[in-house]
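Each remark here refers to the structure printed beneath this line.
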Amino acid sequence: MLDIQNLSKTFNPGTVNEKKALSSLSLHLDEGDFVTIVGSNGAGKSTLFNAIAGSFYADEGSISLAGKDITFMPEHERSRRIGRLFQDPLRGTAPSMTIEENLALAYLRAAHGNPFSRISKKDKDFFAEQLKQLDMGLEDRMKNPVGLLSGGQRQALTLLMATMVPPQLLLLDEHTAALDPATAEKVLDLTRRVVAESHITCLSPPAAARAMTARRAARTAMRRPMTPPSPRSSRSKRRACS
C-alpha cells in the first residue's frame with residue numbers, strides 16, 4: 001500500500017539554520033494498517049506527513065502508494081488519493097464557501113478528478129445523507145458558510161470531505177488537539193467509525209490512535225532526526241524505528 005524508501009529532507013541546507021528533519025527513513029504499510037507515529041516535538045512527524053501529502057518534495061528517497069510512484073506527483077494530484085486532517089480546524093475547508101460547496105469540491109475532486117464539474121440533485125441528496133450521519137444538524141445548514149461553524153463542526157466536516165470517497169491513505173495530523181475534550185471525543189468516535197467501515201489505511205499520532213480501532217495496528221517510534229527503521233516481529237505485530 002504505502003512504501004517509503006530512504007526518505008531524507010533537510011531544511012535551509014548550508015546555512016546556520018540547517019535542520020535535517022528526515023534521514024533515510026524507510027516505512028511500509030499494508031492495506032488496512034493503522035500506524036502510530038510517536039515522537040517529541042520537532043522529531044519530524046509533520047515533516048513526514050507533508051512529504052507524503054506532497055507539500056514539498058524530499059531531497060532523497062522515494063514514495064509509492066498502491067504500487068504507483070508518487071515521489072514527484074504534485075500535491076493536488078495526491079489529494080485525490082490521500083485524505084488529511086490537520087490540527088487546526090481552520091485548515092482543510094474554505095470558510096467563505098457553503099457546506100454544500102465544500103463537499104462538492106472534495107467529492108468531485110476525489111470521485112471524478114475534476115473539482116469544477118457540476119453536481120446533480122442526487123449528489124446533493126448524498127451530501128445531506130452523509131452530513132446526517134455526523135449527528136450535528138449540518139444537513140439542515142448546507143447553504144451556510146463554513147466560517148460560521150464551530151471548530152468541532154469544521155473538523156467533522158473535514159473528516160467527511162476527506163473520506164466521503166474513501167482515500168487510499170488517511171493522514172490524521174493531531175486533528176483533535178485544538179478541540180475541547182467533549183468535542184474531541186465526538187470527532188474521534190466519528191473517525192473511528194469511518195475508518196473501520198471503509199477499512200482505510202491510516203497514519204496517526206498517538207493521541208488519536210489511542211481512541212481508534214483497526215484490523216491490525218502498528219507502531220513506529222521516531223526520534224530526532226528520524227532514522228531508518230529496524231523492524232522486529234512480535235505477536236502484537238508492532239514495528240519500531242530506532
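The values are calculated or read from the model by the stated rules, or taken from the named source; none is laboratory data. All figures in this text were calculated on a predicted structure; none of them were measured in a lab. All Cβ positions, even for glycine, are placed from backbone atoms using ideal geometry, and neighbour counts span all protein chains on display.
Out of all the residues in the range 2-42, which are under 19 Å from the mean Cα position of the chain (by Cα), β-branched (V, I, T) and more than 23 Å from S198 (Cβ to Cβ)?
V38
Would you pick out the residues in the range 70-125 that are touching a residue at least 60 places away in the same chain (Cβ under 8 Å), buried (at least 16 other Cβ atoms within 10 Å of the Cβ), hydrophobic (A, V, I, L, M, F, W, C) and outside any helix (DSSP H, G or I)?
Once the filter is applied, which keeps residues that are touching a residue at least 60 places away in the same chain (Cβ under 8 Å), buried (at least 16 other Cβ atoms within 10 Å of the Cβ), hydrophobic (A, V, I, L, M, F, W, C) and outside any helix (DSSP H, G or I), the range 70-125 yields I82, L85, F86.
Provide a single number: the residues in the range 29-52 that are surrounded by fewer than 20 Cβ atoms within 10 Å (Cβ to Cβ) and among the aliphatic types (A, V, I, L, M).
Final tally of qualifying residues: 2.
What are the pairs, 6+ residues apart or on separate chains, where a residue within the range 173-184 that is touching a residue at least 40 places away in the same chain (Cβ under 8 Å) has its Cβ under 9 Å from a residue that is of a type in the set (D, E, K, R) and crowded, with 21+ Cβ neighbours inside 10 Å?
That search, which allows pairs on different chains as well, returns D173/K45; D173/R84; E174/K45; H175/R84.
Filtering the range 55-69 down to residues that are of a type in the set (G, A, S) and within 18 Å of K45 (Cβ to Cβ), which residue is surrounded by the fewest Cβ atoms within 10 Å (Cβ to Cβ)?
The extreme case among them is S55.
Considering only residues that are at pLDDT 85 or above and either in a helix (DSSP H, G or I) or farther than 20 Å from I82 by Cβ (or both), which ones fall in the range 192-224?
R192, R193, V194, V195, A196, E197, S198
Filter the range 174-191 down to the residues that are in contact with a helix residue (DSSP H, G or I) (Cβ under 9 Å, 6 or more places away or on another chain) and either assigned to a helix (DSSP H, G or I) or farther than 21 Å from L149 by Cα (or both) and list them by number.
Result: A182, T183, A184, K186, V187, L188, L190, T191.
Any idea how many residues of the range 16-31 are in contact (Cβ under 8 Å) with a residue 24 or more places away in the chain and touching a strand residue (DSSP E or B) at 6+ places or on another chain (Cβ under 6 Å)?
10
Counting only residues that are assigned to a helix (DSSP H, G or I), within 22 Å of the chain's Cα centre (by Cα) and surrounded by fewer than 17 Cβ atoms within 10 Å (Cβ to Cβ), how many does the range 126-155 have?
Result for the range 126-155: 1.
Give the range 52-69 a look and list any residue that's free of Cβ contacts under 8 Å to residues at least 60 places away in the same chain, out of contact with any Leu (no Cβ under 6 Å at 6 or more places or on another chain) and at negative phi, or say none.
Residues satisfying the conditions are S55, F56, Y57, D59, E60, S62, K68, D69.
Regarding D189, is this residue exposed (fewer than 14 other Cβ atoms within 10 Å of the Cβ) and under 26 Å from D33 (Cα atoms)?
So D189 passes the test.
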